[in-house]
Amino acid sequence: MTLTLLLDLDDTLLSNSMDIFVPKYLQALTAHMAAYAPPDLFASKLLAATGAMSANDRPDQSLKGTFDAAFYAAVGLDYTTSQAPLMQFYDEVFPILAEYTGFRSKAVELVQAAHERGYRLVIATNPLFPQKAVHHRLAWAGLPVEEYDFALVSTYEHFHYAKPNPAYFAEILAQIGWPEDPVVMIGNDANDDIAAARSLGLATFWIANGATVENCTAENPPSGCGELEDVLAWLDAHAEEELAPQFETPAALTALLKSTPAALDTLAASLTPEQYNAQPIPQHWSLTEVFCHLRDVEIEVNLPRLRKVTEADNALIEGQNIEHWAKERGYAKQNGPQALHDYIQARIQTLDFLNTLEEADWQRAARHTIFSRISIQDLATFTARHDRLHIRQAHKVLGAMA
């Protein structure tokens, strides 16, 4: 069993107050792009587009896609011609902003010690910056990506949700293949890092940065607080099973259901047509077959069951035999990209339905031919478990290809 640590960056691994850094960043970027757009307009639309990313809740729209749609036309910039000067900014100008940040030796010591222990490490920084900018900031922290084997670094190119959306943390876990291991989020922001991660059901450790802390501990799931040098001792004081995620609330289950289509959208972005249909593991499904299965289960099982529970008192839910669908329906010969698209759109319908429910509705129950009594929350739990199974399956196929 491998412990997974989700590590915030700004004011956790790197001293970097956004109240100081963001104005300097905006000033430098607008000055660099002044020949292409009026600085005041550029800055205001950049902030508005960043706000659109923070608010995005769609699993079919990456944060970069959200930003691009809200920014370029509003500023009057052509996307293609503006990329060269923007990349020049991140390559040549952005590094100068390092002077507004501070190196933390304790952060490097924590990462190195965690790596030596065999922990899986994720840089869980709010993914509102492009990859080049995040990599620079990690280098300023003494943690260059070239030297550290991070399982994932969250950036706006590869994510659909941002903090404090709990689906952001679920998306991380889905992107790394839903490891069946304990998970701890470590960060300095009481809302964006700690409360948001806890709402998913994750154990957390709040980096207090010298602040006086009261009532920051909790037991279920565990939550601690202190400084960077206190993290490992706190971890050692808890058995691994105590740090296991607890996906038990409607908020947590909704976040899980949001994460699967988002993670698969990211995964598929780099697939070739051949990879969709490859079967590197004998007697195992291809990715096309996985996507077809998820699509049909979502359309014919998950959403109809949820609707049925709300449409009639004590409704009867019958078990369905779906084991033979792959062969009977010829999944291997279907269009993989279209199957994934249709699955994502079907899941959006499910999420839209769940968003109409009041808290009490989650306990509304039906009869089931196998499980006897079953509630909407139970059905969502089963769906989330099914998602995790097939996310792992997809990662196994990709790993075999590699």
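Read-outs: derived from the displayed coordinates by stated rules, not from any lab. Note that the coordinates shown come from a computational prediction; the quantities given were computed from them, not determined experimentally. Note that we place each Cβ from the backbone using ideal geometry, even for glycine, and neighbour counts take in every protein chain shown.
Points to keep in mind about this one:
- Per-residue ellipticity at 222 nm computed for the chain from its helices equals -15000 deg cm²/dmol, with DSSP H segments shorter than 4 residues left out and the rest contributing -39,500 (n - 2.57).
- Cα long-axis angle, helix 250-268 against the chain (0 to 90 degrees, to the nearest 10): 80 degrees
- Two-site FRET efficiency, residue 79 against residue 279, from Cβ-Cβ distance with R₀ of 22 Å, rounded to 0.05: 0.05
- Per residue, the convex hull around the alpha carbon atoms of the chain comes to 161 Å³.
- Selected from 345, 175, 320 as most flexible by GNM, with the chain as the system and alpha-carbon contacts under 10 Å: 320
- Estimated distance in nm for a label pair at residue 41 and residue 237, the labels positioned 7 Å out from Cα along Cα-to-Cβ: 5.6 nm
- Choice from 105, 62, 372 showing the highest fluctuation, given a GNM over the chain with Cα pairs closer than 10 Å: 372
- Cys with no candidate disulfide partner in the chain (beta-carbon separation under 4.7 Å rule): 292
- Bridging of residue 64 to aspartates and glutamates at a Cα separation below 17 Å is possible for 78, 157, 171, 265, once same-chain residues fewer than 8 apart are set aside.
- Taking 34, 262, 251 in turn, the Gaussian network model of the chain (Cα-Cα springs below 10 Å) assigns the largest fluctuation to 34.
- Listed residues 177, 384, 336: farthest to the positive end of the dipole of the chain (Cβ charges): 336
- Gain on full extension, evaluated as 0.36 nm per residue between residue 220 and residue 356 minus their Cα-Cα distance, stands at 46.1 nm.
- Label point at residue 1 placed 7 Å out along Cα→Cβ; residues across the range 233-268 whose backbone nitrogen lies under 16 Å: 235-247
- Rh by Kirkwood over Cα pairs, then Stokes-Einstein D for the range 279-367 at 0.890 mPa s and 25 °C, µm²/s: 168 µm²/s
- The slack between residue 310 and residue 246, meaning 0.36 nm per residue of separation minus the straight C-alpha distance, is 20.4 nm.
- By average C-beta atoms within 10 angstrom, highest first, the peptides 252-258, 392-398: 252-258, 392-398
- Selection of trypsin sites (Lys or Arg not before Pro), the range 272-370, meeting DSSP coil and at most 15 other Cβ within 10 Å: 329
- Charge dipole (debye, nearest 20) of the chain; +1 at Cβ of Lys and Arg, -1 at Cβ of Asp and Glu: 1020 debye
- Computed from label points 7 Å out along Cα-Cβ, the spacing between residue 375 and residue 31 is 5.8 nm.
- With both labels modelled 7 Å from their Cα along Cα-to-Cβ, the residue 396 to residue 328 distance reads 2.4 nm.
- Shown here: the range 2-90, whose C-alpha atoms stretch 49, 32, 22 Å along the first, second and third principal axes, sorted largest to smallest.
- Longest segment of the chain lacking GluC sites (Glu not before Pro) that sit in a DSSP loop with at most 15 other Cβ atoms within 10 Å: 1-145
- For residue 204, residues with placed amide H under 5 Å, excluding near neighbours: 185, 223, 224
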